[in-house]
1. Could you check the simple spin-label distance between S117 and S14, using points 7 Å along Cα→Cβ, in nm with one decimal?
2. Give me the percent of the accessible area of the chain that comes from carbon and sulfur atoms, probe 1.4 Å, all protein chains in place.
3. Under a plain spin-label model, where a point goes 7 Å from the Cα along Cα-to-Cβ, how far apart in nm are L3 and Q165?
4. In what order, largest first, do S255, S297 sit by accessible area if the probe radius is 1.4 Å?
5. Could you calculate the FRET efficiency of I137 with M51 from 1/(1 + (r/R0)^6), where r is the beta carbon distance between them and R0 is 41 Å, rounded to 0.05?
6. Can you tell me the FRET efficiency between R92 and I304 if r is taken as the Cβ-Cβ distance and R0 is 45 Å, rounded to the nearest 0.05?
7. Convert each backbone phi in the stretch 187-203 into a coupling constant with the Karplus relation 6.51 cos²θ - 1.76 cosθ + 1.60 (shift: θ = phi - 60°), then list the ³J(HN,Hα) values in order as whole Hz, x for Gly and Pro.
8. Rolling a 1.4 angstrom probe over the protein chains, ignoring ligands and nucleic acids, what is the accessible area of Y43 in square angstrom, nearest 10?
Amino acid sequence: MQLYNKLSAKERASLIEQAGEDRLTLSFYAYAKIGNPQLFRNYLFLAWDQMEVLGRIYVAHEGINAQLSLPATRFDEFKSFLDSTYFLENVRLNIAIEHDLKSFLKLKVKVRDKIVSDGLNDETFDVRNKGVHVDAIKFNELIEDPNTILVDMRNHYESEIGHFQGAITPDVDTFRDSLDIIERDLKEHKEGKNLVMYCTGGIRCEKASAYYKHKGFKKVFQLEGGIIEYARQVENLKLENKFKGKNFVFDHRRSERITEEVVSNCHQCGKACDTHVNCANEACHLLFIQCEECAKSMNDCCSISCKEIAALSFEEQKALRKGIPNSNKIFKKGRSPVLKFKQ
Ligand SMILES: [Zn+2]
Ligand SMILES: [Zn+2]
């Protein structure tokens, strides 16, 4: 019985190319009480591996958070599988607008402490006591209301390339940080104002809205299905699109374009740009925004020193890295003193 992915990303990419089939990229989450996450994880892996599902799935005692792709032809089979699991029956699936055959190249189902790393002690509040879920129509109405405060619950590098007009976009690296900052900044509005929040697919707001209600906010609303579902509804119902730019996503596509506006700039030269890249120096891997010209002149690197390292042979690079802890953990996403035009 095979319980773990065995193919490399490269092998998988060529298999997908050979198959030449359409793949859907989708995500969903559910809070539930899962008694034995490891057992549930194995159950999912066996079933989904067989359906050619690829993606990143987190399972915890508190529920499941899944981002994945699968052949379009297997969708019905996949959906019946979900419906046969009691807490996933009719779960809302966020289906991506832009499809990429290679959005995921491995099936990774991981057991975690939490499905979203929130740094919160769950005993202090009830995550089921969440805010009012609103669809795109109601959301558009609410954010026009002068009595509304609109908050982006994502991190700085996500809201940087796209956000709703007029939203507060906290300059934070983690979800935990934004919870505190927003509470501090908005505490005088607990009774009076509508607190309306959104995130990528809704999962962070699920926790955040319960948290703010617990902290005494009276009128808490969250965008159902997040930006992904909003974009879908706006398109289907021909509504006014109040989102500007791109939606950052956590797969190989890195983002989905929602509107043509470019709201950010190249971190190296400052010109309008919203393309995220990772520094080509493997030991750096910094996530930042880089325009095509800078990519060319910098050989896809974030700095001169990374450019020099990336030009060395694989062996020389390996020797340089020896004894140095993985810098991915040291560098923060989208933050580095070398990025002159990071706002
Ligand atoms: Zn540039
Ligand atoms: Zn670099």
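1. In this crude label model, S117 to S14 measures out at 3.4 nm.
2. For the chain, the apolar C and S fraction of the accessible surface comes to 52 percent.
3. 5.3
4. From most exposed to least exposed: S297, S255.
5. For R0 = 41 Å, the calculated efficiency reads 0.75.
6. Given R0 = 45 Å and the Cβ-Cβ separation, E is 0.45.
7. 5, 6, 9, 4, 8, x, 8, 7, 9, 10, 10, 8, 8, 5, x, x, 5
8. Probe radius 1.4 Å; accessible area of Y43 about 100 Å².
The values are calculated or read from the model by the stated rules, or taken from the named source; none is laboratory data. Since we're looking at a predicted model, the values are computed, not measured. In this analysis, Cβ positions are derived from the backbone assuming ideal geometry, glycine residues included, and neighbour counts consider all displayed protein chains. Ligands, DNA and RNA are excluded from the accessible area calculation, which covers all protein heavy atoms including side chains. Shrake-Rupley method; radii C 1.70, N 1.55, O 1.52, S 1.80 Å.
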